[in-house]
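The block underneath contains the structure these notes are about, expressed in structure tokens.
No value in this document is a laboratory result; all are computed from the given coordinates. Fair warning: this is a prediction, and the values are worked out from it, not measured in the lab. No Cβ is skipped: glycine too gets one built from the backbone with ideal geometry, and neighbour counts run over all protein chains shown.
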Amino acid sequence: MNKVSKLLKAIRLILQRPALLNLVLKDEAVLKANFQKEFPGLQLQEMDMFLWPEAAALRITPYAFLSGSSMVTDFALLQLLCRRYKVATYLEIGTWRGESVANVAPFVSEAFTLNLPDETLRQMGQNEAYIQSHRFFSSQLKNVTHLFGDSATFDWTPYQQKCDLIFIDGDHSTEAVQRDTQTALQLRKSENSILVWHDAKADGEYPRYEVLLGIYRALPQELHSKLYLVKHALCAVYLPDGAEASHIALNALPTRAFEIELKNINL
């Protein structure tokens with residue numbers, strides 16, 4: 001099939017199923033081109049949290065190795081940030097099983113985590129097993145407060161200017177990331193507060209431009225120089241005091257490996 005035939009077939013399919021156009025518009029190559037056009041000359045930076053002395057001894061628990069979760073290194077990042085910067089108040093958008101907040105709860109004074117209400121999930125057609133999985137690891141933690149609502153319409157007033165670290169892990173569309181980032185800027189206790197975004201990378205190496213577009217659009221330009229992708233993880237982080245960093249190098253030879261011991265926890 002030649003290129004013209006493929007194009008005509010693609011047009012017919014899109015006319016028959018307009019939703020297919022979203023797949024084209026969300027293709028990473030298209031999103032990358034949009035990013036480079038919108039932010040010409042911007043080179044993505046990458047920082048290595050495992051250079052920090054606090055990373056010498058890490059214990060990540062719980063970790064379920066189930067779908068829709070984070071990499072173990074994402075939880076390590078959150079834990080390291082809370083320890084290194086003495087985070088008192090932590091807030092996250094997107095709870096899911098509660099693994100992330102359970103991993104930081106021992107290191108903070110108070111934590112808040114927002115997710116859609118169970119009834120909203122039912123109205124969306126989610127089954128009970130999926131709904132009951134939410135907050136599984138965090139529901140009994142005494143310093144964790146579970147909030148319920150849609151981040152787009154939730155009343156954030158009580159939490160404005162109170163948070164030392166905000167973790168954004170909700171809807172990952174460009175528009176939602178941009179909106180949640182704008183919200184997070186209002187939640188910062190001070191200019192020294194930290195922002196973290198999950199799924200800013202597609203895997204441990206490659207950027208995810210759908211998310212990065214939302215981040216860079218929302219952050220004031222003067223903050224761009226202190227925004228970093230995180231090596232070995234899926235996250236991006238804004239560090240007000242900056243960090244040692246380098247430009248991302250895809251498919252580079254490994255400079256580090258990890259040894260992991262697994263221990264079952266009876267639930």
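Test ARG135 against the stated conditions and say whether it is without any contact (Cβ under 8 Å) to a residue 60 or more places away in the chain and under 20 Å from the mean Cα position of the chain (by Cα). Against the criterion (without any contact (Cβ under 8 Å) to a residue 60 or more places away in the chain and under 20 Å from the mean Cα position of the chain (by Cα)), ARG135 qualifies.
Answer yes or no as to whether ASP241 is touching a residue at least 12 places away in the same chain (Cβ under 8 Å), part of a loop (DSSP other than H, G, I, E, B), buried (at least 16 other Cβ atoms within 10 Å of the Cβ) and not hydroxyl-bearing (Ser, Thr, Tyr). Considered against the rule, which asks whether it is touching a residue at least 12 places away in the same chain (Cβ under 8 Å), part of a loop (DSSP other than H, G, I, E, B), buried (at least 16 other Cβ atoms within 10 Å of the Cβ) and not hydroxyl-bearing (Ser, Thr, Tyr), ASP241 comes out as no. Selection over the range 167-209 of residues that are under 18 Å from GLY41 (Cα atoms) and assigned to a helix (DSSP H, G or I) gives a count of 1. Among the residues of the range 87-109, none qualifies, meaning not one is among the charged types (D, E, K, R), part of a helix (DSSP H, G or I) and within 16 Å of TRP197 (Cβ to Cβ). Scanning the range 105-120 for residues that are among the hydroxyl-bearing types (Ser, Thr, Tyr) and either more than 17 Å from ARG84 (Cβ to Cβ) or crowded, with 21+ Cβ neighbours inside 10 Å (or both) yields THR113, THR120. Pairs meeting the criteria (first residue in the range 26-52 and within 25 Å of GLU244 (Cα to Cα), second residue of a type in the set (Lys, Arg) and buried (at least 16 other Cβ atoms within 10 Å of the Cβ), beta carbons under 7 Å, at least 6 apart or on different chains) are GLU46/LYS231; MET47/LYS231; ASP48/LYS231; TRP52/ARG84. Counting the residues of the range 226-247 that are aliphatic (A, V, I, L, M) and more than 18 Å from the chain's Cα centre (by Cα) gives 2.
One line per residue, one yes/no per condition, for (1) of a type in the set (Gly, Ala, Ser); (2) under 21 Å from TRP96 (Cβ atoms):
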| site | (1), (2) |
| --- | --- |
| ALA176 | yes, yes |
| GLU191 | no, no |
| TYR206 | no, no |
| GLU210 | no, yes |
| TYR216 | no, no |
| SER225 | yes, no |
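Looking at this structure, is LYS162 without any contact (Cβ under 8 Å) to a residue 60 or more places away in the chain and among the charged types (D, E, K, R)? The answer is no for LYS162. Residues satisfying the criterion are absent from the range 62-71 (criterion: in contact (Cβ under 8 Å) with a residue 40 or more places away in the chain, outside any loop (DSSP other than H, G, I, E, B) and out of contact with any Gly (no Cβ under 6 Å at 6 or more places or on another chain)).
Restricting ARG97, ARG59 to those that are over 18 Å from ALA243 (Cβ atoms), of a type in the set (Lys, Arg) and touching a Gly at 6+ places or on another chain (Cβ under 9 Å) reduces the list to ARG97. For the range 111-134, the set of residues classified as outside any helix (DSSP H, G or I) and more than 26 Å from THR183 (Cα to Cα) consists of GLY125, GLN126, ASN127, listed by residue number.
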